[in-house]
Each structure stands twice: as C-alpha cells, then as structure tokens.
Amino acid sequence: MSVKYIPVQWNSNKWKYNAVMLSAVFAYLWIFIELTPDIMQNEGRINSQVHNARAFGSCAFFMLTVILCIGPLARLDERFLPLLYNRRHFGVIAAAIGVTHAFYIINWYFAFSKSNKYEALLFANTSYGQLAGFPFEIFGVFSLTCMLLLAVTSHDFWLKFLTPRIWKNVHYLIYAAYISVVAHVSFGILQDQQDNRLTIAIIISALAVAVLHVLAAFKERKTGDVAAKTLDNNLVRVCDVSEMIDGYAKVIKLENGERVAVYLQKDKLSAISNACAHQNGPLGEGKIIDCLVTCPWHGFQYNVKDGSSPAPFTEKVPTYNLHLDGDTVFVDPKANPPGTYVEPVAINP
Amino acid sequence: MTQKKKPFFVGYLGIPKALKGFLLKASLLIFAGFATGGVLAGVSQDDPGEAGFRFDFGRQTVSGVIQAEPYPILHVTKGNERIKTGRTIMLTGQGKSGVSGNKALSEETVVDATGIILKRGDLDMLQLAGGKRGIKITEAKDELPESQYLGKWRLQGEICDGKCLVGAMQPGRGLAHKACAILCLFGDIPPVFVSTQPIEGSEFMLVGGPDGGPLPESTYDYIGQFVEVEAELERRGDMLVMLVDPATLKAVK
C-alpha cells in the first residue's frame, strides 16, 4: 500500500524473495555458460555468443514457466501465496533475461551484413508460408515485446493509472507471450536439436502450465461460489450466522457476477466487494488483522465498515447493506459507492 | 485445516511460523530446479563438429587462378604448407560479404590471395584480407582446370551458406540458423550443399543456379531445410559444383 509512488517498496520478504529467485537464475546461467561446455566434451565448440544466447533464452523460458505456474499453484494450495506476492519482480527479471537473449542473437546472427541488423531480423527469412523453416524469430519478437510491456507497466503507478481491470487485462498478455515463446522454441531450436532432452523439458514445462491451470479451474468450479439468486425481497441469501467464523468472510457471487465478502467481526457483520482495489485480489479469502480486512495477495487493508483503506492510504472498495432474518444473513445486491459507511449488523442484538 | 488455523501471509509482516518450513522447501526446490535445468539444457546441445577460423595458422598467401561463376573460387597453383597446390578453395570477404562484386576476380585471372583459412573437413574457404591486401592481380597466365561433368543427380541434403558452414558460426547450419544463412546469401557468400550421402567422395558441393550463375533468390525459402533437388554435377579442380534446377527443389520431411 502506498500514498506516493516510489520505485520499489522494499521489505524483508521482498529481499528474501528476490534473493531466492536471483540465486536460482544465476545458478542456471553459471552452470549453463561456465560448466556445461567442459561437461559436453564436444568435438567442436559452440560459439560463445550462441552458447550465451541459448543460456539466456532457455532461462527466460523456464522463468516464464515458473511465473505462470505460481498463480494456479496458489489457487490449489494457499501455502504458495507468498510466491505470488513479489512475482512482478521475477517477471521484470525474466524480461531482462529475454532482452539479453535477443541482444546476443541480433548481434550475432543478424550482424556483420550490410543491412541494418534490426531490419534484417524482419526481412532475412520471410518463409511465412511453410511450417519447416518458418521465421520463428517473429514469435520471439512478439513475446519479448509483451514481456517488456508488462515489465514497464508492472509498477503500481500504471495499475492505478490504467485501473485494475484494464491493467489486469493487459497483463493477461503473459499467456500470449508464453504461447509465443513455446512456438519460438518449437519452430526454432527444437527443429534442429538431435538430443531430445531439451525437447522433453520444454514439453513438460508447457504441460505443467496447462495442467495446473486446468486443475485450478476445476477446483474453482467445484468449490467456487455459484451465483446466488436474488429473492423476491430483492435480497440474496448468504449463509447462516452459525457458519461464519470471527475475523473471516463468506463469499457470495451475485447474479451480475460480482462477488461480495461478508465478514464477521466481533459479533457484527459487514459486507464489502470481494475485489481488492489494488489487483482485484480476493478480499474474502483474506482475514481481519488489526480490525482491517487484509488482502491475501499483497496485504492491502480496508475498514470493513466503509471499504476504505486507513489514512493516509486512499484505496476504496464498494460496500453492501446486510439484513439479518433470524439466523440467516442476506445481502442487498445493490453496491454502495466505494467508501460508503454502512452500520454493521449485530448478530446478537 | 480449518480457515482459522491456516497460516496467513502478509508481505510486509513476518512470515508465519507454520509457513517457514514450507517456503524453505519451496525455495530449495526452485533453486535445485533451475540448477538442474541449467545442466540439462546446457549439455543437451548438439555437437557442431570441428570447424572454424584457423587463426592459429596465421595469414596465408597462395597463388591461383580464379573461376568466377557461380561464385568466385580459387584453383591453387602455388600453395603452401596449409593450402596445398591443386586445392580448390572458396573465397569470401569480411562478415556476411562475399567477393562476387570484386571486379578483379574475373574468370581466369591469376591472383595472389591472402587471408585467413576457415575449415570444415575437406572444405576450405579463404576469408580475404581487407582492402588491397586480400587480392593482388599478377601478370602470370594460367588456365582453369578442366571441368569434369558428372551427370544429373537427384540429391538430398541441406543448402547452407558456405561461410557459416565452415565454422564462421558454430553451429552454422540448420533451421535455427536459416535467417543468418539467407542474410549471408544476400551478401553473396557462396552457398554449399551438404549431402546426406557423400557424392564422388565429398559431402560438400558448391551450389549455383541452372545457368551456371549464382543461386536464384527464389530458392532461399529452402535454405537450411532438408531438401531434395535435381542438379547437374561437375568437378572443378578438387571441388564439386552442383547447378541446381530450382523447379525440382522440394522440402523433404
């Protein structure tokens, strides 16, 4: 949470996260670049420019794979949520690794001619009408463009400027980037590779991303909230009070697709939008800490009575009116403007 | 685990005790995964074979007679320890530039050629030194060796750019290298066919077009691919030259 924009709001967990991820990336690159040439004992030596390009390119691919696995893993097992917390930094690092790969390729394969090397990248191979020999470089250009766009707009300034909905939609480009990277390696290096180990590793990686997303979607469908019907009294039934736990929420999906998080706090019920104003994180899967609803994704906090972040923060989410009929909790599906105070409903009046 | 007992992580607060062990294991797994990936991806690269610039030989100067088409080659008439008399070698300029545009390299001109040798197996190429140091036209007269027509062949293999193939780039062939190879051919680097089977004792053949001139650009879509093509084959000196019929060129799966 922030009241002003600074490049990075560091905290100890971010340092630890980056230390783990960066050490993994350095280990990959160091082993690939420094150790494997001696292990291979080939008759001929691969040019260092090509060797380095392959090291950085394959590293960026595996980084993207990890980035895309974190989301569904966190949906399947909440213990992975800390990996989601600082994923943006890992994404920016992946973009930098991808740029380094492109730098080596362009300054090797596309250099030394009379043509401009960036133009050569686009005109050298134009066999777009065939599968074998297809200009796979174009997939790499697309992926890298997406990754750079995501890296540049990863800061919270852009999130606020574009609004979470647009920002999130823009950042779904990561899937297009990944598919494009898979095409890039499939039509490129894998067409030549006689050794199948890299091919197998890439297939397993792509499958892991796909399978985890399918499993997460199944879980969502199985355990996810079904849209509740609006009753004749224009209210929607949430649950019985006995089902609620102090400090936690019940989430109800309205007919319009919006989700409402109904919180129980010290024998009083309040309802706010389930979508965090930061990145649409699931507020209903958070908990109340220090009297404030805390988002499980990045820790943004809101007063459950008015949906406002505590001063000096300015984030606000819509609130909802609740009704108690006996032991049953009902919500009015009409949202109040973000930051509207709603008197909590006491469960033991 | 009930909702209440589940550890709840907030980024700017400390890590819950119940999560510390799990996150430590996850961190080690990520590190080990990347380290293993580095080994796996690194060692699975194919051997590009022995080829490359022979800077260790130093700059070489040999004399010979030029055959200009389809790309200038030098029939060595006065060789040295590294490039024997009687050898036929391809010529290239710096970077991705061939020497077809060099007017001094006209048919049957006798020259002293100076440069660095590139070598793959029995295929040699001389990268000429820059400026006037690379080629000196001599007053001597000499004749081209007689060409030996070897008939019409249907061949399978790959058309590469000759310079990367002989080791200017390692690896210097294949689909991943296709764009680079085409760029080289645009720069008049001589293309070379790598046959799946040795023909007349050689798996490498200098490639030209059907009229004996350079390879037509219409064939460039097939560069770097496994192809089948019909060609007239000739032996010029100790080098095989194939003049391909572009109409017969097709990709082979």
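A few points about this structure:
- Ranking of A:Leu83, B:Leu243 by count of other Cβ atoms within 10 Å, fewest first: B:Leu243, A:Leu83
- Rounded to the nearest 0.05, the FRET efficiency derived from the C-beta distance between B:Arg133 and B:Asp56 at R0 = 22 Å is 0.65.
- From its DSSP helices (H runs of at least four residues, each -39,500 (n - 2.57)), chain B gives a residue-normalised ellipticity at 222 nm of -5000 deg cm²/dmol.
- Where trypsin sites (Lys or Arg not before Pro) fall in DSSP loop in segment B:4-66, at most 10 other Cβ within 10 Å: B:Lys5
- If you plug the beta carbon distance of A:Phe218 and A:Ser242 into 1/(1 + (r/R0)^6) with R0 = 45 Å, you get a FRET efficiency near 0.95.
- For segment B:1-117, size of Cβ-based charge dipole, Lys and Arg +1, Asp and Glu -1, in debye: 1380 debye
- Short-range pairs are left out: with C-alpha atoms under 8 Å and at least six residues apart, the relative contact order of segment A:33-97 is 34 percent.
- Lys/Arg +1, Asp/Glu -1 at C-beta; the protein assembly as shown dipole; positive extreme among A:Ala277, A:Asn233, A:Ile105: A:Asn233
- DSSP loop chymotrypsin sites (Phe, Trp or Tyr not before Pro) with at most 16 other Cβ within 10 Å excluded, longest remaining stretch of chain A: A:173-312
- Per-residue shielding of A:190-203, expressed as the average number of other chain Cβ atoms within 10 Å of the residue Cβ, stands at 4.
- Within chain A, longest stretch clear of exposed trypsin sites (Lys or Arg not before Pro) (DSSP loop, no more than 13 other Cβ within 10 Å): A:115-228
- Rounded to the nearest 10 degrees, the angle from helix A:173-187 to the longest Cα principal axis of chain A is 30 degrees.
- Legend: ranking of residues B:Asp161, B:Asp46, A:Asp240 from fewest to most surrounding C-beta atoms inside 10 Å; resulting order A:Asp240, B:Asp46, B:Asp161.
- In degrees, nearest ten, helix B:17-43 long axis to first principal axis of chain B (Cα): 10 degrees
- Cut-off 14 Å, label 7 Å out along Cα→Cβ of B:Phe22, residues of segment A:72-98 by amide N: A:73-85
- Listed residues A:Leu190, B:Leu105, B:Leu91: farthest to the positive end of the dipole of the protein assembly as shown (Cβ charges): A:Leu190
- Top of B:Gln225, B:Gln45, B:Gln156 by mean-square fluctuation, Gaussian network on chain B, Cα under 10 Å: B:Gln45
- Counting Cβ atoms of other protein chains within 10 Å of each Cβ in A:40-49 and taking the mean gives 6.
- Using C-alpha pairs below 8 Å separated by at least 6 residues, the relative contact order for segment A:1-129 is 26 percent.
- Charged neighbours of A:Ser127, selected by a Cβ distance under 12 Å, balance to -1 (K, R count +1; D, E count -1).
- Rounded to the nearest 10 degrees, the angle from helix A:137-152 to the longest Cα principal axis of chain A is 40 degrees.
- Using a Gaussian network model of chain A in which every pair of alpha carbons under 10 angstrom is joined by a spring, one finds that among A:Asn274, A:Asn18, A:Asn233 the greatest mean-square fluctuation is at A:Asn233.
- Summed over qualifying helices (DSSP H, 4 residues or more, each -39500 (n - 2.57)) and divided by its residue number, chain A shows a 222 nm mean residue ellipticity of -15000 deg cm²/dmol.
Readers should treat all values here as calculations from the given coordinates under stated rules, not as data from a laboratory. On a predicted model such as this, the values are computed, not experimentally measured, just so you know. All Cβ positions, even for glycine, are placed from backbone atoms using ideal geometry, and neighbour counts span all protein chains on display.
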